[in-house]
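Input: a single structure, listed below in structure tokens.
The values are calculated or read from the model by the stated rules, or taken from the named source; none is laboratory data. A quick note: this is a predicted structure, and the numbers were derived from the prediction, not measured. So basically every Cβ, Gly included, is an ideal-geometry build from the backbone, and we count neighbours across all protein chains shown. Ligands, DNA and RNA are stripped out before the accessible areas are found, and what is left, the full protein with its side chains, is counted by its heavy atoms. Shrake-Rupley method; radii C 1.70, N 1.55, O 1.52, S 1.80 Å.
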Amino acid sequence: MIDTQKDFRKKVFGTTLAIMAIAMVLSMGTKVLAQTKEVSVESMYLNETPAATAPAESGSGLERVIKGTENWGDEHNISVSRFIQNIGKSTGIYQIITQKKVDPSITGVKPEIKEAPEKDWGTAPGWQSLIMIAIGFLIVYLAVGKGFEPLLLIPIGFGTILVNIVGAGMGDLPDGMLAIIYHAGVGNEFFPMLIFMGIGAMTDFGPLIANPKTAILGGAAQFGVFFTLFGVAVMNLFGLNYNIMQACAIGIIGGADGPTSIYVSGKLAPELMGVIAVAAYSYMALVPMIQPPIMKLLTTKKERLIRMPNPRAVPKMEKVLFPLMLLLLTILLLPPAAPLIGMLAFGNFVKESGAATRLSKTMENELMNIVSILLSLGVGSQMTPEKIIKAESLGIIVLGLVAFAVATAGGLLMAKLMNVFLPKDKKINPLIGSAGVSAVPMAARVANKVGQSEDPMNFLLMNAMGPNVAGVIGTAMAAGVFIATYGGLR
């Protein structure tokens, strides 16, 4: 017999802890991620703006000023009301009504194009390059010997090996091949946009359209993205230096989406792009290793044995209209996500319309393969000791793993919660919740494989593709939220 009173007390206690945690984050978040000025009591009451007099890294704990944020103003501080206002002002509807574009020809002055600043990582001793070369060979072994996403890991591994050959100069500008690849397409929006176009041409949104409630699982997996902000705040308390924009860029790793991670870091934290890209692509490739233990830990054998019927056949008209409706909603509600969603919708529309088969085949085959090779080599070129063997870089790698684990757990737990309210014959196998991360189609394949390890006749692949493609959209939306909130503050 269930003790309802005890169960109720547990729920109240859990809810209270959650509220306290949220309140603590909101009260501490400004101090550990954004606050850079010491505000006196008098200036608070007089509503004065104090001067930024605190030296870099002064104080300790909550009173420490983060390096590089000494001259930040109040607009950088974390505020729930300002966050909501920024989101509202970034909607397409608001901007269409209020924004006026200025024609550069009127002033006769063309906007200056500035290159993204890069962090000076210094020079590492030569023996550390040997360590990185060994890591490169380990990556290649995992790809070939263990079968962990060879399409990604083989070029990343070779990029790591080649860039760390002392005296070869393959990562040196202006003539190093790997440096040219990185600056031509990885260090900007070019390669990520092409990858999203290819993903769109490869993706079938049918399972999501057929079972829209699986979109909730894709949304739940984004909890890993936002949870990472808390982890960044904790690391700052222990002496690392991450500001709020860097925290947002690091958080996107939790979506297991390499192109989106590169895109957001380019907008908010270009100085950390290399390390963030390496972490994101590494965890994407290691999905088959990271996710199964979490899936088995958070589900019971009975839940893993749940069989789901295959999704209904979706008519062509619905598939053709879906990318157009998705793009229209993005234009109206979250334009900062439009570059990613727009390329995804473009590739998918070309595929589903059937009017340009040659373009569709090129996007999902030749172009996708070429860009994947170049992008992965470019990511591997950032695996140098001065960038990786650093406290801040190792912190990013640890936070990325935590974010990815939390995202996987979020999807699983949301599926279990949904089952509480679903009829007995409509239960969801919680394993498909792990596919809510946007590693397409790796996460869906892993969910199917774990399910078949319990029941060889249980085919979950098509059902898992619903939350998987929803995760792609969800991570792009999360990226748009971050850019809308902090993108104008650099």
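How would you classify the range 155-205 from its alpha-carbon gyration tensor, with a ≥ b ≥ c the square roots of the eigenvalues: rounded for a/c under 1.5, else prolate if a/b is greater than b/c, otherwise oblate? Since a/c reaches 1.5 but b/c is at least a/b, the shape of the range 155-205 is classed as oblate. Determine the share of the range 193-253's accessible area contributed by carbon and sulfur atoms, expressed in whole percent, with a 1.4 angstrom probe. Roughly 79 percent of what the probe reaches on the range 193-253 is carbon or sulfur.
Which entries in Lys267/Lys449; Lys351/Lys427; Lys361/Lys449; Lys146/Lys390; Lys89/Lys267; Lys146/Lys302 show an alpha-carbon gap greater than 26 Å?
The pairs that break the limit, which is 26 Å between Cα atoms, are Lys267/Lys449; Lys351/Lys427; Lys361/Lys449; Lys146/Lys390; Lys146/Lys302.
With a Förster radius of 25 Å applied to the C-beta separation of Ala391 and Ile165, the computed FRET efficiency comes to 0.45. Calculation over all alpha carbon pairs of the range 355-490 in 10 angstrom steps from 0 returns a P(r) of 10, 25, 34, 23, 8, 1 percent.
The calculated Kirkwood hydrodynamic radius for the range 179-242 is 15.4 Å, given to one decimal from all distinct C-alpha pairs. Within the assembled protein chains, the solvent-accessible surface assigned to Asp425 is about 120 Å², based on a 1.4 Å probe. State whether the range 229-367 is rounded, prolate or oblate according to the following rule on the C-alpha gyration tensor (a ≥ b ≥ c being the square roots of its eigenvalues): a/c under 1.5 gives rounded; otherwise a/b larger than b/c gives prolate, and the remaining case gives oblate. It is oblate, given that a/c is not under 1.5 and a/b is not larger than b/c. For the range 313-393, the fraction of C-alpha pairs more than 16 angstrom apart is 66%.
For the range 402-490, with all protein chains in place and a probe radius of 1.4 Å, 68% of the accessible heavy-atom surface sits on carbon or sulfur. Of the residues Thr330, Thr300, the one with the largest accessible area comes first in the ranking Thr300, Thr330, computed with a 1.4 Å probe on protein heavy atoms.
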